[in-house]
Amino acid sequence: MRSQLGRLFRWVKSLGMPVFRPKNQATVSLFLYGTLFVIGTVFFAVQFFTWVIPNWNFRRDFEQVLCTIVDAKVVELRKEDSVQFRPEIHIQYTFRETPYEIWTYEQATLSPTQPLGFDSDKKSVEDTVDSYRAGQYAWCWVKVNEPTYAILYRSSPVWGWFFLLMMLLISGAGFAGLWLTITQKRFSREHWVGKRSQGLPFFGAVQKRKPFPTIPDPASINDSPGTHLAYRLPISQISVIRVIGSILLCVFWNVIAWIVLFSVFLGNAENPSSLVSRIFAVLFFLLGLGVIVWVINLAMTVFGGGATLLELSDHPIIPGRSYRLYLMQLGKFRIQDFSVAIVCEEIARFRQGTDTITTRKEVFRKTLFQKTDFETQSDTPLVEEMRFMLPYGAMHSFFTEHNEIRWKISVQADIAQWPNLNRDCPIIVRPSPIVASPYPGEYDDDDLTPR
């Protein structure tokens with residue numbers, strides 16, 4: 001599936017279409033997922049209070065009985081510039097041994113305050129009236145506390161439940177996206193590895209004491225052997241499941257947006273919708289277009305960027321020792337700038353009132369490899385092997401509840417007419433041995449490569 005979508009997005013690329021390149025993907029994701037969560041929650045609440053609760057009360061307040069059709073007619077309501085119609089059916093029924101006889105059809109027909117249930121489509125109203133014949137038996141719903149109140153028609157609850165379920169899914173998808181985006185923005189892979197390595201809090205006293213309790217366990221990174229070097233590093237990127245879910249959500253959102261747009265602007269020419277309804281339909285439609293652009297960009301980034309393989313000669317990293325790094329970048333692109341760097345970030349988390357604030361700062365970056373203005377082919381990927389060394393005494397990986405030191409190998413590429421490629425591979429750095437520098441004079445503090 002990944003290869004098929006990759007070919008599709010490469011075809012889109014060949015059309016020369018402009019590519020949306022957000023400067024901060026996390027901010028865009030937060031905005032879109034937050035919008036989905038708010039819209040889904042609001043409409044779910046509206047549907048729940050205006051449809052679920054009234055239908056629940058209907059099942060409690062009404063009882064179904066058999067009635068006889070006496071007559072049927074079309075009722076007209078004339079206004080200044082239009083004429084509207086509604087069906088009315090004359091029925092007879094017996095409720096608790098008492099006979100009743102009324103003109104009715106649906107709940108809107110019996111509104112005591114104002115005439116409701118009218119439609120400008122006379123043909124559909126006539127078809128409804130023609131479907132009832134004198135002497136025909138039908139089911140009606142009688143109000144238990146007011147037997148003179150009865151209706152003959154109830155709309156199917158299928159679409160009501162469908163809309164409620166869809167709003168719940170939209171709200172849930174928005175919440176899940178917000179949670180994943182915030183979690184990935186605040187916490188690194190090392191953080192979760194460290195959390196798992198702590199085990200259950202109630203059994204901490206019986207666990208074997210670890211030599212580096214505040215350093216993440218490298219086991220989850222070392223579980224994949226490489227084909228050229230000892231370990232293949234995991235790539236931190238957007239999951240395929242998230243992209244597929246976003247595509248499904250985009251399709252559903254835009255189907256509803258088109259239905260709403262056509263029903264508001266083309267559904268009833270004689271009785272046009274209000275200005276508020278039209279503004280809402282247009283905004284709903286424009287938001288759907290924005291979701292399409294975002295999903296295309298997201299899918300192009302994940303499926304169309306080609307696989308990135310990084311392998312390391314040994315892991316975890318100990319400052320002062322030399323390591324080999326193997327790179328293979330697959331895909332067919334014209335790359336304007338490609339770089340591989342080793343990066344250290346410092347992250348601090350603290351509470352300010354009731355808010356949790358996370359600050360991060362890149363404290364170290366060293367470019368290991370850089371190449372500009374070149375092309376890669378499907379059968380000739382970019383392959384490079386490099387060596388690096390962290391300065392002796394460099395800060396090791398570290399995490400606690402409020403502080404974290406994160407090391408990673410960062411791969412970045414500026415691809416022509418394509419979303420930028422940004423992929424990170426977390427690595428674990430352990431402390432240097434407490435001895436004198438084993439390689440005095442062989443490297444500088446600001447240089448990672450041996451002399």
Single unsatisfied condition, residue 379 versus (1) assigned to a strand (DSSP E or B); (2) closer than 30 Å to residue 298 by Cβ; (3) at pLDDT below 90: (1)
Residue selected from region 115-133 under the condition within 18 Å of residue 91 (Cα to Cα) and of a type in the set (A, V, I, L, M, F, W, C), by the criterion surrounded by the most Cβ atoms within 10 Å (Cβ to Cβ): 125
Qualifying residue in region 31-46 (condition: outside any strand (DSSP E or B), touching a residue at least 40 places away in the same chain (Cβ under 8 Å) and in the same structural domain as residue 137 (by TED's automatic domain parsing)): no
Close pairs from region 211-232: first in the same structural domain as residue 326 (by TED's automatic domain parsing), partner among the acidic types (Asp, Glu) and buried (at least 20 other Cβ atoms within 10 Å of the Cβ), Cβ under 7 Å, at least 6 apart: 216/190; 226/311; 228/311; 229/311; 231/311; 232/311
Enumeration of residues in region 417-445 that are surrounded by fewer than 17 Cβ atoms within 10 Å (Cβ to Cβ), at pLDDT 80 or above and more than 19 Å from residue 395 (Cβ to Cβ): 422
Test: residue in region 133-143 that is assigned to a loop (DSSP other than H, G, I, E, B) and without any contact (Cβ under 8 Å) to a residue 60 or more places away in the chain: no
Matching entry among 84, 64, 92 (being under 23 Å from residue 158 (Cβ atoms), in contact (Cβ under 8 Å) with a residue 24 or more places away in the chain and not in a loop (DSSP other than H, G, I, E, B)): 64
Subset of region 319-361 that is over 14 Å from residue 425 (Cα atoms) and among the acidic types (Asp, Glu) - its residue that is surrounded by the fewest Cβ atoms within 10 Å (Cβ to Cβ): 355
Any hit, region 411-429, residues being in a loop (DSSP other than H, G, I, E, B), under 30 Å from residue 217 (Cβ atoms) and touching a residue at least 12 places away in the same chain (Cβ under 8 Å): yes
Odd one out for residue 411 among (1) at pLDDT below 85; (2) touching a strand residue (DSSP E or B) at 6+ places or on another chain (Cβ under 8 Å): (1)
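Residue-by-condition table, conditions (1) modelled with pLDDT under 85; (2) part of a loop (DSSP other than H, G, I, E, B); (3) touching a Lys or Arg at 6+ places or on another chain (Cβ under 7 Å):
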| position | (1), (2), (3) |
| --- | --- |
| 262 | yes, no, no |
| 281 | yes, no, no |
| 291 | yes, no, no |
| 295 | yes, no, no |
| 298 | yes, no, no |
| 319 | no, yes, no |
| 327 | no, no, no |
| 340 | no, no, no |
From 364, 369, 388, residue being modelled with pLDDT of 90 or more and in contact with an Asp or Glu (Cβ under 6 Å, 6 or more places away or on another chain): 369
All positions within region 136-178 that are surrounded by fewer than 17 Cβ atoms within 10 Å (Cβ to Cβ), under 15 Å from residue 102 (Cα atoms) and of a type in the set (A, V, I, L, M): 138
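The values are calculated or read from the model by the stated rules, or taken from the named source; none is laboratory data. Keep in mind the model is a prediction, meaning the values are calculated, not measured. Cβ sites come from the backbone with ideal geometry, for glycine too, and all protein chains shown count toward neighbours.
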